[in-house]
1. For the chain, calculate the relative contact order in percent as a whole number, restricting contacts to Cα pairs under 8 Å that are 6 or more residues apart.
2. For the chain, what does -39500 (n - 2.57) per DSSP helix run (n ≥ 4), summed and divided by total residues, give at 222 nm, in deg cm²/dmol to the nearest 500?
3. log10 I(q)/I(0), Debye, Cα-only the stretch 4-115, no solvent, q = 0.11, 0.22 Å⁻¹?
4. Just to confirm my numbers, what's the Cα centroid distance between the stretch 126-164 and the stretch 206-221 in Å?
5. With every atom except the alpha carbons ignored, what do you get for Rg and Dmax of the chain, in angstroms?
6. Which Cα, out of ILE54, LEU26, ASN86, lies furthest along the positive dipole direction of the stretch 19-115 (beta carbon charges, K/R +1, D/E -1)?
7. With a length cut of 27 Å (Cα positions projected on each helix's long axis) and a Kyte-Doolittle mean of at least -1.0, go through the chain and give me the DSSP H helices that pass.
8. Report the convex hull volume per residue for the stretch 121-285, counting only C-alpha atoms, in Å³.
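Just so it is clear, none of the values below were taken in a lab; they were calculated from the coordinates. For clarity, every value in this text was computed on a predicted model and none was experimentally measured. Here the Cβ positions follow ideal geometry from the backbone for every residue, glycine too, while neighbour counts run over all protein chains shown.
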Amino acid sequence: MMQIVADVVTQVVASLNADGLVIDSLLYGKITERYRGRIIHSYEILNEIANNIIIGKAKLCRENVSGKIIGFYKGVSIARITRESNTFNLVVKDAKSPCLGDDFTNHFLSIFAEIYPRRPIIVFDALFWELHHEYEKKKALKQLLVSINIVRQYLTDLNVLLVFPSHEIMALLNSFKNSIKVLHKFPYDLLKNHRVIVLDPYASDRLTENDVMNGDVFLVELLVDDMFPRPFATYGANMVRGLNAERKSITYRGSVIGVPKEINKVIEIVLDVRFAGKTMDEAIKDAMGVDDKIYRVVYEVSKMCRGNEALEDMIKRLMKELQLDERYYKRVLARVDRASCRGI
């Protein structure tokens with residue numbers, strides 16, 4: 001698993017002549033709350049520290065304090081403030097807490113920005129936002145918010161671009177702390193000489209693991225077509241821009257059936273493949289919801305139901321393959337075209 005953010009933090013800490021970070025109680029409580037009691041890996045803590053500093057929720061102070069070591073990552077000790085005997089000289093604090101020594105936040109940000117790789121870039125394009133119904137706009141805003149949180153699991157806001165935002169999108173961005181770059185014109189110069197992949201569920205070319213690992217820019221249209229199908233919207237946006245980009249669809253074993261279409265799920269699949277070491281099929285399967293899996297099982301049954309395998313066995317085998325709980329068997333069965341499977 002690639003840990004780009006945590007790796008850069010270790011380099012920043014070393015450049016500041018320190019071998020560890022101690023987290024104040026207020027910030028530590030907020031970080032642990034996000035993980036809801038599960039074990040937090042050291043790289044996740046460093047990721048949280050970096051993201052909180054970047055978006056202005058935390059600061060870095062040069063202070064001599066005592067702390068209890070709770071983690072270790074590539075030469076950097078991670079501690080929380082206690083009365084233990086371990087002494088540290090860099091403290092990560094909640095942004096509202098004052099530094100008792102020198103404030104090193106800007107030093108951290110400057111060094112981090114210099115080292116941190118800005119690839120891949122995730123571009124959210126709202127060019128056709130007004131094609132939405134009001135109900136679809138609400139869903140798109142929610143999916144955008146979840147997408148940003150997914151990006152922060154692997155990267156930072158420095159990897160995100162938001163193009164042609166509507167007033168609804170700007171209102172959303174202004175409602176929480178972030179460092180997302182917003183542009184009101186398409187960033188041709190910024191994307192020049194980069195491999196740009198437009199993620200389009202209607203594209204004929206299939207997105208491969210090689211595409212994910214080697215793409216520089218992944219462009220996603222902020223478009224939800226739950227109420228009104230718009231199969232040519234992404235293609236049309238590509239034509240309007242005159243962008244020399246590859247259009248790719250995410251498929252599971254050769255078909256888009258059952259592949260999640262939510263914007264946040266698309267981002268999750270791409271980042272899971274690139275940074276978590278998953279295959280494309282593994283990432284898609286993990287991102288599928290119950291309805292996606294049911295849809296896919298029904299699709300597979302419809303292709304195979306004239307074979308020799310009993311219908312019940314076929315459904316249960318496919319459900320097991322997709323890790324779909326057996327309690328959904330009756331729902332799947334109700335959707336299967338039994339007429340096409342008569343006599344099985």
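1. It comes to 15 percent, rounded to a whole number.
2. Value at 222 nm, helices only, nearest 500: -13000 deg cm²/dmol.
3. After summing over all Cα pairs, the log10 values are -0.28, -1.32.
4. Value for the Cα centre distance between the two parts: 18 Å.
5. 23.4, 80
6. LEU26
7. Result, helices passing both filters: 134-154.
8. Convex hull volume per residue, Cα atoms: 109 Å³.
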